[in-house]
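The values are calculated or read from the model by the stated rules, or taken from the named source; none is laboratory data. The shown structure was predicted, so the numbers you read here are calculated from the model rather than taken from an experiment. Every residue, glycine among them, receives a Cβ derived from its backbone with ideal geometry; neighbour counts consider all protein chains shown.
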């Protein structure tokens, strides 16, 4: 059984994933240009989350002007390699600048609690399996995602999930959540 | 949703205690107690709606997402080598590249249609044995797990409606728009995915699950209906049903039998999932009041006794997750298998040591008496919680072999028998 598990683990190639991810850094690198502001930081994301999102882009379950065409160039093996590579990296660091809106941060934490976000995203918002890490994600991207779920532009996966999670929240609430999560280490 | 649950104060205290211990993880969520009795909850269930009144020991148990791209062929082949079957039976890979594969239905000309869960696709598998081609024929649907085929038409369940595509096999390359043949179903996403079975008269059996783990459900669900897609007529044939995503018509009697997933969050060892048999219109199978035929619900028994309800034909085991099933009507397997039930168990999530993820054989007479089960195909779970595959449906092929859809691997297997 140990041999079999080993075979499974080695099926994806993080080194190949690194090379394949190289062009993506234009938007997804920590110090990326301003056009990358609404692109997420992907280091340390769960392997299966990366893979599912690429599959959603590829099947047009999730539409994005940049990612939909890019995802169509990826094979299953590419997707597995990229997932394995990104999951192997240390997660990003939270925004260090002085928090100019501590009220938003506090409201965000309260909303996260009241809406049970950690049931899926786990305590510390580190993510797991097909559920993304949220801690220290870019604020602009978090807000865009939450708004897309709210407006119906982005749908969840198979289970009832994000569209319903954001349903009771106001736009101020979404801003508070994004502000709070981006500052969470 | 907007008001804090009553247990929040103690949850916050726990969170503070956890924060004091682990400085790097300041946020720790308390345990949840659910009020799933409101329409607001059914229409917009919280993302963790499948949770119940969890205990500390159960915190963290959650359904697993399958690999997004399925399992690579070499790994599937390695797993199949370790699948245990009775003597004379053999399992092989029949088709792959079918992520989230759920219910299967044969077209008249040999096309296999396959529904799917997360990816929202319906697939068609065509071509000669050994070189099967997989096409995505529908996409963008909401959990189209249930598919059926009759009179040249493909039927697909899309949560709150059943759609029909005429002449589907000739049009697999462009199915076009489907026609809604039945739309009187709620849109609750939780337990809203379905399984479709025609009987020989053209009634289409459709299960409707409750939008919660355990609740007094809306009156429009927790039931099995049968629908006449020709004119949209429908009738309720069974009540008190939790999440059923599998069933078949007994070739001996025409009766509908179905598998049923029992509630979660009571215990690792209970309640048992069930196999049921409808013998009379409108029978009540116990949910939410009574589980496994003899266990009143601790919160929702509401004064009812289990003796008021129709007991299961067979208790299958706790958290085995029975899904698709078929009576065996082929000629390839030994005669003793005739009219036995093959049932695909998807395997656990709400249990510390997973079980299920196998095919069971159920031997039972036409009245539902003298039922017994034995494991037919197993070996997809390694260790406590590691899936290498999850059987989701079975179907008998023309040559009498048994096909198995696996929504974890994104593949279909063939089980054959040779003396």
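Listing for the model above:
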| quantity | calculated |
| --- | --- |
| Qualifying position, being under 30 Å from residue B:200 (Cβ atoms) and within 14 Å of chain A (Cβ to nearest Cβ), among B:141, B:154 | B:141 |
| Selection within region B:227-252 - more than 14 Å from the chain's Cα centre (by Cα), surrounded by 16 or more Cβ atoms within 10 Å (Cβ to Cβ) and assigned to a strand (DSSP E or B) | B:227, B:234, B:237, B:238, B:239, B:249 |
| Region B:59-84 residues that are at the interface with chain A (Cβ under 7 Å from one of its Cβ atoms), paired with ones that are modelled with pLDDT of 95 or more and assigned to a strand (DSSP E or B) (beta carbon under 7 Å, 6 or more apart) | B:64/B:387 |
| The one condition in (1) surrounded by fewer than 16 Cβ atoms within 10 Å (Cβ to Cβ); (2) more than 21 Å from residue B:408 (Cβ to Cβ); (3) modelled with pLDDT of 95 or more that residue B:81 fails to fulfil | (2) |
| Residue within region A:66-79 that is in a helix (DSSP H, G or I) and either in contact with a strand residue (DSSP E or B) (Cβ under 8 Å, 6 or more places away or on another chain) or in the same structural domain as residue A:134 (by TED's automatic domain parsing) (or both) present | no |
| Qualifying residue in region A:36-47 (condition: touching a strand residue (DSSP E or B) at 6+ places or on another chain (Cβ under 8 Å), buried (at least 16 other Cβ atoms within 10 Å of the Cβ) and either without any contact (Cβ under 8 Å) to a residue 60 or more places away in the chain or facing chain B (nearest Cβ under 9 Å) (or both)) | no |
| Residue check, residue A:92 under 23 Å from residue A:183 (Cβ atoms) and within 11 Å of another protein chain (Cβ to nearest Cβ) | no |
| Check on residue B:180, more than 23 Å from residue B:37 (Cα to Cα) and either within 14 Å of chain A (Cβ to nearest Cβ) or within 19 Å of the chain's Cα centre (by Cα) (or both) | no |
| Selection count where residues are assigned to a loop (DSSP other than H, G, I, E, B) and either touching a strand residue (DSSP E or B) at 6+ places or on another chain (Cβ under 8 Å) or more than 21 Å from residue B:201 (Cβ to Cβ) (or both), scope region B:253-274 | 9 |
| Verdict on residue B:175 being within 14 Å of another protein chain (Cβ to nearest Cβ) and either outside any loop (DSSP other than H, G, I, E, B) or at negative phi (or both) | no |
| Subset tally (residues that are part of a loop (DSSP other than H, G, I, E, B) and more than 22 Å from the chain's Cα centre (by Cα)) for region B:116-160 | 8 |
| Test: residue in region B:150-159 that is buried (at least 17 other Cβ atoms within 10 Å of the Cβ) and within 28 Å of residue B:317 (Cβ to Cβ) | yes |
| Index of the failed condition, residue A:102 passing every other in (1) touching a helix residue (DSSP H, G or I) at 6+ places or on another chain (Cβ under 8 Å); (2) over 23 Å from residue B:119 (Cβ atoms) | (1) |
| Among (1) within 14 Å of chain A (Cβ to nearest Cβ); (2) part of a loop (DSSP other than H, G, I, E, B), the one test that residue B:169 misses | (1) |
| Any hit, region A:95-103, residues being away from every other protein chain (no Cβ under 11 Å), on the phi < 0 side of the Ramachandran plot, touching a residue at least 40 places away in the same chain (Cβ under 8 Å) and more than 19 Å from the chain's Cα centre (by Cα) | yes |
| Unmet requirement for residue A:141, which otherwise passes all of (1) within 26 Å of residue A:93 (Cβ to Cβ); (2) within 15 Å of the chain's Cα centre (by Cα); (3) within 14 Å of chain B (Cβ to nearest Cβ) | (3) |
| Among residues of region B:203-226, those that are modelled with pLDDT of 95 or more and either part of a strand (DSSP E or B) or touching a helix residue (DSSP H, G or I) at 6+ places or on another chain (Cβ under 6 Å) (or both), counted | 9 |
| Helices (runs of 4 or more DSSP H) fully within region A:109-185 counting 2 or more residues that are touching a residue at least 60 places away in the same chain (Cβ under 8 Å) | A:139-151, A:171-182 |
| Residue B:99 vs. criteria part of a loop (DSSP other than H, G, I, E, B) and surrounded by fewer than 24 Cβ atoms within 10 Å (Cβ to Cβ) | no |
| Condition check for residue A:128: farther than 28 Å from residue B:142 by Cα and assigned by TED's automatic domain parsing to the domain that holds residue A:164 | no |
| Candidates B:106, B:94, filtered to the one that is more than 10 Å from every other protein chain (Cβ to nearest Cβ) and crowded, with 19+ Cβ neighbours inside 10 Å | B:94 |
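Each row is one residue, and each column tells you yes or no for (1) more than 20 Å from residue B:117 (Cβ to Cβ); (2) over 17 Å from the mean Cα position of the chain (by Cα); (3) within 14 Å of another protein chain (Cβ to nearest Cβ).
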residue	(1), (2), (3)
B:359	no, no, no
B:365	yes, yes, no
B:369	yes, yes, no
B:373	yes, yes, no
B:383	yes, yes, yes
B:390	no, no, yes
B:394	no, no, no
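Here is a yes/no grid of residues against (1) under 21 Å from residue B:194 (Cα atoms); (2) in the same structural domain as residue B:213 (by TED's automatic domain parsing); (3) modelled with pLDDT of 95 or more; (4) surrounded by 17 or more Cβ atoms within 10 Å (Cβ to Cβ):
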residue: B:275; (1), (2), (3), (4): yes, yes, yes, yes
residue: B:279; (1), (2), (3), (4): no, yes, yes, no
residue: B:289; (1), (2), (3), (4): no, yes, yes, yes
residue: B:294; (1), (2), (3), (4): no, yes, yes, no
